[in-house]
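**Student:** The structure follows.
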Amino acid sequence: MIVKKLIRDLHLPVEVVVTPIAREEDGLACSSRNRRLTPAERLAAPALYRSLRLAEEMFNDGERNPSRIIKAMRKEIEREPLARIDYIGVTDTEHLDPLDDMTEQNTLVSVAAHFGKTRLTDNTILCDSKYKSKTSRLKLG
């Protein structure tokens, strides 16, 4: 989203193609930073992905209150003693403004945490089916 805004603001003739995050078998987002993790930290790191999956489940079950989703995500990550949460955000996908309600809009859920000295980030976009195009590609505005 930040890159899209930069391209728009600078009027660059570039198309941004959003693709799914490449993930390891246990859900951890693929990143060169993963190599910096100790074996114990590597085992702990999928807590970020589990928290995002929890947010998706809650959203799919009808939850639209960001505070409840953040609280549940925080609780999930804090189950992992090696994780130190930096932030959990629930924002709109266009301007990255924090949301008070996730009803009838695309929502970016993002998380960052430290595992030892390594800071990992991850995110997912939550949207109702009416915000997906007929090809199932997400419309980001």
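The values are calculated or read from the model by the stated rules, or taken from the named source; none is laboratory data. Please read these numbers as outputs of a predicted model, since none were measured by experiment. Neighbour counts run over all protein chains shown; Cβ positions are idealised from the backbone, glycine included. For accessibility, only protein heavy atoms count, side chains too; no ligands or nucleic acids. Shrake-Rupley method; radii C 1.70, N 1.55, O 1.52, S 1.80 Å.
**Student:** With Cα Rg over 2.2 N^0.38 Å in mind, check (1) 1.15; (2) 1.40; (3) 1.09 and report the label derived from this structure.
**Tutor:** Here Cα Rg over 2.2 N^0.38 Å agrees with entry (3).
**Student:** Something else about it: What accessible area per residue, rounded to a whole number of Å², is obtained for the range 1-135 using a probe radius of 1.4 Å?
**Tutor:** Accessible surface, normalised per residue, equals 63 Å².
**Student:** Further question on the same structure: Sequence gap at least 6, Cα distance under 8 Å: using those rules, report the relative contact order of the chain to the nearest whole percent.
**Tutor:** 20
**Student:** Accessible surface of V16 in the full protein assembly, 1.4 angstrom probe, to the nearest 10 Å²?
**Tutor:** Rounded to the nearest 10, that gives 60 Å².
**Student:** Need the full-extension length gain, H95 to V16, defined as separation in residues times 0.36 nm minus the C-alpha distance. One decimal, nm.
**Tutor:** Going from the current span to full extension adds 26.9 nm.
**Student:** Could you give the dipole magnitude of the range 14-96 about its Cα centre, charging the beta-carbon of Lys and Arg +1 and that of Asp and Glu -1, in debye to the nearest 20?
**Tutor:** Dipole about the Cα centre, nearest 20: 400 debye.
**Student:** Within the range 64-120, report the trypsin sites (Lys or Arg not before Pro) that DSSP leaves as loop and that have at most 13 other Cβ atoms within 10 Å.
**Tutor:** Here the sparse-neighbourhood loop sites are R79, K117.
**Student:** Here's something else I'd like to know. If the chain between E104 and R74 were fully stretched, how many nm would it gain, using 0.36 nm times the residue separation less the Cα-Cα distance?
**Tutor:** The E104-R74 span can extend by a further 8.4 nm.
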